[in-house]
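The values are calculated or read from the model by the stated rules, or taken from the named source; none is laboratory data. Nothing here was measured: the structure is a model prediction, and the numbers come from that model. Positions of Cβ are backbone-derived with ideal geometry, glycine not excepted, and every protein chain shown enters the neighbour counts.
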Amino acid sequence: MTKVTIVGASLALENMFPRKLTNLIVAALYFCIVFSSPGPVALAQKKTAPVEATPPPVREEFKFGQVDLEVLEQADLLDLRLERDGLVLADESANAYLRRVGQSLIPRGLELERVSWRFRALRDPQPNAFALPNGSVYVSTGLITLVDNESQLAAIIAHELTHVMRRHTYVHNRSNRKKFLTMNVMSAIGAYAPGGVVGAVITAVTTVAPFIMIATIYGYSRDLEREADLKGIDMMISAEYPPEEMVNVMKLLDKDIEGENVRLFYNDHPSLDERIKYLSSYLGARADKVTHQMELNRERAAYFRNMESVMRQDLQLAINAGRFRSAVYLAQRLVDFHDDSENLFWLAESYRALGPRAPQLTEKELTNSAKKDAAKKREKRTVEEEERELLATAAGKDNWQRHQQMAEELYRRALNAENPAPVAHRGLGMLYEKLGRGTDAAAEYEKYLELSPSAIDRERIQRRIVALKEKLN
Amino acid sequence: MFALLVLLTLSGSHQVHAQFLHPKIKSKETTIRRVVVLPAKVNVVRDSMKGPEGMAAESDELSARVETMVAEVLSKQKHVTTLSTTAASTEGDPQQKFNVADFQTKFDDLLPKIMKKRSDVKKGRFSMGDEVLNLNVEKGADAVVFIRGEGKKLTSGKTAFKLLVGGTPAYLRLQIGIVDARNGEVLLYTDPVFTGDPTTAVDRLRKALEKGFKKLPEVKAQ
């Protein structure tokens, strides 16, 4: 029906405009019709019935062409760029853990042309994961910290592995080139984060390979994403991971702590709700038995023990990125697991940084239009300006007082715990400085420097002590 | 983007530039004598009929060229000394590498806010905070220079297409922020732009940079 309409329009236009212009108008019309018609959505909804058999794990028939080799070259360059720019986490045990989980999912003896598997964590607090066609699989610290157990991590990796094994990047690239689907990469980024503030990782990916960025971060086509989800389940079962954790991880991703999941064309392919539906339906049809090993892989404590250091690093990154609500939520989970001095310190830091903001967004703030407005404001205001504005309101003042009080209690608990973390003194110093308690602040800063003489922020703290003392005199 | 296009079209010289100075620089309360230039991040894409394609190797090369040229222009025109960059010192130290990476990210977060109202640099509205001291740059440094840029090179097919139906020309737009090395205040913001192939137009790049730093007070020889 759509094709007929375009051909008809094309003939009519050729009588009115020169051929080149006609082609352009037809291309634009095609683009508009394809992406504005309800066709693909209705089609995907029809497909939610259980799938009896998924395609084989590897696309055997795939032959590399020049276009594919160019994509591969860009992927290799992207690996180098992420490493060079300090975006890859230098935590050997965490990367080894990811490698173990990843390797356990790959079918035994599988050899893929031009693929060399690498599993690494990215220093990015935004929950995200992507795989490059050369076999590099990246999981952000934000996602590692968000998931509950190894099985959920495996679900994410299994999904990404399918994109590589089934050569989705190449397939998608070829298809897009044929369809003449071009887009402005920078506009795409703007659409992804309407505030204009995007993570360093997204910026890096965009730079090196705009196409890879679009496919791996915004998602492939509905069919390819669906294939990755369903094949991912097969791989999880083979590796003895409970497959329903794939559904649980989708639900976790749907939790919009920061109010940033704005539904847009590119990040809604397919929607999380739709994915949860077809995955549940597929799992129901399979009715696999739960083994003892599957139960073990679902253990939360074991996962947290392995990833505790990554989670702490992620909290610092989340605070730096202004993701204060996420920081409080994730730090609380960490303290619930293990309330040692360092974890208490991170929870205190998160509350201090949360300041006058409410710890959770209201339903009204989570509507699409409210999130877009908030993103626009984020683009205009600095964090300090936002805080000043909130402090002018009664609710903001109340939040601020409560959070500073909680932070103080938590810093004190951190200092009274076994092996107290000296940084808690620095945190208290900053808290007191903001409260206008100059003498107490200087004393805490001095204690911090006494206990951590080689601290990286020594000069910064020394300057603060000098400034506070000058003010007091 | 539209504003940029209009600006480029209206500009006969193919170069436009805007620069904003912090009041402390204008009043000479703060003088920039020595700077540390952080690794530039300049990205160019090749715009073809099949959409934009990455130019990773060319972007890296251009980033290095812009970084060197900024140092040269600051030195020749303003007598500002560039101290060794932190890039070399981060090689074997992952913590320092992460520090620099996090600070670059912080600048990337601040940049859209500056871009929204660049003239507010003149009011001293923007700061990266005293965390800048954690960068541990050389002791004598007065300021840290951040360089960002984006550009577009057109393929021959796209150039012909542009001639027929119009469109954005090949260009390079830089965004340079100079930040106080002690308290993180944004002391200068400038965004030189020029039209032409960003990977080959070396002279245009130099001229754009020279104009971009025109308002920065010259350091008097001691």
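A compact table of results
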{"quantity": "Condition met for B:Ile147 (assigned to a helix (DSSP H, G or I) and either under 18 Å from the mean Cα position of the chain (by Cα) or surrounded by 22 or more Cβ atoms within 10 Å (Cβ to Cβ) (or both))", "calculated": "no"}
{"quantity": "Which listed residue is closer than 25 Å to A:Ala318 by Cβ, among the aliphatic types (A, V, I, L, M) and in contact with a His (Cβ under 7 Å, 6 or more places away or on another chain), from A:Leu354, A:Leu410", "calculated": "A:Leu354"}
{"quantity": "Whichever residue in segment B:41-82 is of a type in the set (D, E, K, R) and within 18 Å of B:Gly177 (Cβ to Cβ) and, among such residues, is surrounded by the most Cβ atoms within 10 Å (Cβ to Cβ)", "calculated": "B:Lys41"}
{"quantity": "Residues of segment A:416-425 satisfying the condition of being touching a residue at least 12 places away in the same chain (Cβ under 8 Å) and in a helix (DSSP H, G or I)", "calculated": "A:Val423, A:Ala424, A:His425"}
{"quantity": "Members of segment A:372-415 found to be in a helix (DSSP H, G or I), touching a Leu at 6+ places or on another chain (Cβ under 9 Å) and not aliphatic (A, V, I, L, M), listed by number", "calculated": "A:Gly396, A:Lys397, A:Asn399, A:Trp400, A:His403, A:Gln404, A:Glu408, A:Tyr411, A:Arg412, A:Arg413"}
{"quantity": "Filter result (over 22 Å from A:Gln293 (Cα atoms) and either free of Cβ contacts under 8 Å to residues at least 24 places away in the same chain or charged (D, E, K, R) (or both)) within segment A:230-255", "calculated": "A:Lys251, A:Asp254, A:Lys255"}
{"quantity": "Test result for A:Leu153, closer than 22 Å to A:Arg323 by Cα and part of a helix (DSSP H, G or I)", "calculated": "yes"}
{"quantity": "Residue check for B:Thr159: without any contact (Cβ under 8 Å) to a residue 12 or more places away in the chain, among the polar types (S, T, N, Q) and more than 22 Å from B:Ala71 (Cα to Cα)", "calculated": "yes"}
{"quantity": "Filter result (out of contact with any Ser or Thr (no Cβ under 9 Å at 6 or more places or on another chain), surrounded by fewer than 22 Cβ atoms within 10 Å (Cβ to Cβ) and over 19 Å from B:Thr82 (Cβ atoms)) within segment B:174-198", "calculated": "B:Gly196, B:Asp197"}
{"quantity": "Test: residue in segment A:388-403 that is under 21 Å from the mean Cα position of the chain (by Cα), modelled with pLDDT of 95 or more and among the aromatic types (Phe, Trp, Tyr)", "calculated": "no"}
{"quantity": "Subset of segment B:115-127 (residues that are more than 10 Å from chain A (Cβ to nearest Cβ) and either crowded, with 21+ Cβ neighbours inside 10 Å or in contact with a Gly (Cβ under 6 Å, 6 or more places away or on another chain) (or both))", "calculated": "B:Val121"}
{"quantity": "Total residues in segment B:193-218, condition among the acidic types (Asp, Glu) and under 19 Å from B:Glu150 (Cβ atoms)", "calculated": "1"}
{"quantity": "Residue within segment B:23-34 that is assigned to a helix (DSSP H, G or I), within 12 Å of chain A (Cβ to nearest Cβ), touching a helix residue (DSSP H, G or I) at 6+ places or on another chain (Cβ under 7 Å) and at pLDDT 85 or above present", "calculated": "no"}
{"quantity": "Subset of segment A:321-353 [among the aliphatic types (A, V, I, L, M) and without any contact (Cβ under 8 Å) to a residue 24 or more places away in the chain]", "calculated": "A:Ala331, A:Val335"}
{"quantity": "Of all residues making up segment A:435-463, the number that are away from chain B (no Cβ under 11 Å) and assigned to a helix (DSSP H, G or I)", "calculated": "15"}
{"quantity": "Whichever residue in segment A:65-79 is surrounded by fewer than 21 Cβ atoms within 10 Å (Cβ to Cβ) and within 8 Å of another protein chain (Cβ to nearest Cβ) and, among such residues, is farthest from A:Asp124 (Cα to Cα)", "calculated": "A:Glu70"}
{"quantity": "Where A:Gln126 falls short, out of the listed (1) under 21 Å from A:Leu253 (Cβ atoms); (2) assigned to a helix (DSSP H, G or I)", "calculated": "(2)"}
{"quantity": "Enumeration of residues in segment B:44-80 that are under 17 Å from the mean Cα position of the chain (by Cα), farther than 17 Å from A:Leu78 by Cβ and among the polar types (S, T, N, Q)", "calculated": "B:Thr68, B:Ser75, B:Gln77"}
{"quantity": "First in segment A:296-320 and polar (S, T, N, Q), second anywhere and surrounded by fewer than 17 Cβ atoms within 10 Å (Cβ to Cβ), Cβ under 8 Å, 6 or more apart", "calculated": "A:Asn306/A:Ser93; A:Ser309/A:Ser93"}
{"quantity": "Failed item, numbered, when B:Leu164 is tested on (1) within 11 Å of another protein chain (Cβ to nearest Cβ); (2) in a strand (DSSP E or B); (3) among the hydrophobic types (A, V, I, L, M, F, W, C)", "calculated": "(2)"}
{"quantity": "Which listed residue, of A:Pro40, A:Pro50, is modelled with pLDDT under 90 and in contact with a Lys or Arg (Cβ under 7 Å, 6 or more places away or on another chain)", "calculated": "A:Pro40"}
{"quantity": "Flag if B:Lys220 is more than 30 Å from B:Phe98 (Cβ to Cβ) and in a loop (DSSP other than H, G, I, E, B)", "calculated": "yes"}
{"quantity": "Tally of residues being surrounded by fewer than 21 Cβ atoms within 10 Å (Cβ to Cβ), facing chain A (nearest Cβ under 7 Å) and hydrophobic (A, V, I, L, M, F, W, C) across segment B:94-113", "calculated": "2"}
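Yes or no, residue by residue, for (1) assigned to a helix (DSSP H, G or I); (2) of a type in the set (Val, Ile, Thr); (3) in contact with a Gly (Cβ under 8 Å, 6 or more places away or on another chain):
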site	(1), (2), (3)
A:Lys63	no, no, no
A:Ala90	no, no, no
A:Gly102	yes, no, no
A:Gly109	no, no, no
A:Val115	no, yes, yes
A:Ile157	yes, yes, yes
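Rundown of residues vs (1) under 21 Å from B:Ser127 (Cβ atoms); (2) within 14 Å of chain B (Cβ to nearest Cβ); (3) touching a helix residue (DSSP H, G or I) at 6+ places or on another chain (Cβ under 8 Å), yes/no style:
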site: A:Thr382; (1), (2), (3): yes, yes, yes
site: A:Leu390; (1), (2), (3): yes, no, yes
site: A:Ala395; (1), (2), (3): no, no, no
site: A:Ala407; (1), (2), (3): no, no, yes
site: A:Glu433; (1), (2), (3): yes, yes, yes
site: A:Ile465; (1), (2), (3): yes, yes, yes
